[in-house]
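Working notes, beginning with the structure itself.
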Amino acid sequence: MKRINLILPLLSLALLALSCGSRTMTRQYYVIEFSVASDSAALARPPLSNGYCEIAPLEIAPAYAQKRIAVRIGTHELNYYQEHEWAVRPDDAIAAQVEDYLQSRRLFAMVSSRLGREVPQYELYTRIYQLEAVDQKNRLLAHLRLDWELYDRVSGERAVIHSFNRSQVLQKRNINLLAAAVSGILEAELTRLGDKIEAYLKENRAAAPVSPGQD
């Protein structure tokens, strides 16, 4: 009886230690997105080009081609958050935002990331080199490095090139702020890309043929 009375408390302590030591990991998911406002003035006018613009599949560096959020802790050292992930792979999320934004600007008769039967006049290529959090001592930064290249198949030239490498310091170590900062950088740089494309199209209005299926 004495042995049983001794064993039971020990078992209880062991079970308690196990329950305290094992913590259930709850993953949190974040989106790369910004609101694309409808431009009534743009919708009221014809598109600047009757051509079709195809968004080619995005190229992304292998270290970032996943839902896990990368955090740079050294010049050549990356880690990944265990409890924080992108809700959608970054290349897919950015492709969707690019498509929505360019459609809202009415730069082309049609913009799509889905390959169609018709041959596009324009092709937009995207290369994502870095998309990460950067851990620097007592602060955390959002970092996005990306290239866009618009190719004009009619002229056979690279019509527009836009590259950027931007970082933004977060007010506090919060992954939601990281997602918001990345989204803000993307929105600002897409606006610059759209302005460059608009300037190019205005200079080359006569060169754009009518796409199949477009009146």
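Looking across the range 107-125, the residues that are surrounded by fewer than 19 Cβ atoms within 10 Å (Cβ to Cβ), within 22 Å of Ala65 (Cβ to Cβ) and either modelled with pLDDT of 95 or more or among the β-branched types (Val, Ile, Thr) (or both) come down to Glu123, Tyr125.
One line per residue, one yes/no per condition, for (1) among the aromatic types (Phe, Trp, Tyr); (2) touching a helix residue (DSSP H, G or I) at 6+ places or on another chain (Cβ under 9 Å); (3) modelled with pLDDT of 75 or more:
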{"site": "Tyr29", "(1), (2), (3)": "yes, no, yes"}
{"site": "Phe34", "(1), (2), (3)": "yes, yes, yes"}
{"site": "Tyr52", "(1), (2), (3)": "yes, no, yes"}
{"site": "Tyr81", "(1), (2), (3)": "yes, yes, yes"}
{"site": "Ile94", "(1), (2), (3)": "no, yes, yes"}
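In the set (1) of a type in the set (D, E, K, R); (2) assigned to a helix (DSSP H, G or I); (3) touching a residue at least 60 places away in the same chain (Cβ under 8 Å), Arg72 fails one condition alone, (2). Of the residues in the range 99-106, not one is within 18 Å of the chain's Cα centre (by Cα), more than 25 Å from Asp195 (Cβ to Cβ) and buried (at least 16 other Cβ atoms within 10 Å of the Cβ).
Given the condition basic (Lys, Arg), more than 25 Å from Val31 (Cα to Cα), surrounded by fewer than 17 Cβ atoms within 10 Å (Cβ to Cβ) and modelled with pLDDT under 95, answer yes or no: does some residue in the range 172-184 qualify? Within the range 172-184 (the criterion being basic (Lys, Arg), more than 25 Å from Val31 (Cα to Cα), surrounded by fewer than 17 Cβ atoms within 10 Å (Cβ to Cβ) and modelled with pLDDT under 95), the answer is no, since none of the residues qualifies. Only one entry of Glu99, Glu123, Glu118 meets the criterion of being of a type outside the set (A, V, I, L, M, F, W, C), touching a strand residue (DSSP E or B) at 6+ places or on another chain (Cβ under 9 Å), under 21 Å from Arg158 (Cα atoms) and assigned to a loop (DSSP other than H, G, I, E, B), and that entry is Glu118.
Screening His162 with (1) farther than 23 Å from Ile69 by Cβ; (2) buried (at least 19 other Cβ atoms within 10 Å of the Cβ) gives one miss only, at (2). Scanning for something assigned to a helix (DSSP H, G or I), surrounded by 13 or more Cβ atoms within 10 Å (Cβ to Cβ), in contact with a Pro (Cβ under 9 Å, 6 or more places away or on another chain) and at pLDDT 95 or above, does the range 190-200 turn up at least one residue? No, that holds for no residue. One residue stands out among those in the range 49-73 that are crowded, with 17+ Cβ neighbours inside 10 Å and of a type in the set (A, V, I, L, M, F, W, C): the one that is farthest from Ser112 (Cα to Cα), which is Val71.
The values are calculated or read from the model by the stated rules, or taken from the named source; none is laboratory data. Keep in mind the model is a prediction, meaning the values are calculated, not measured. Note: ideal-geometry Cβ built from the backbone for every residue, glycine included; neighbour counts use all protein chains shown.
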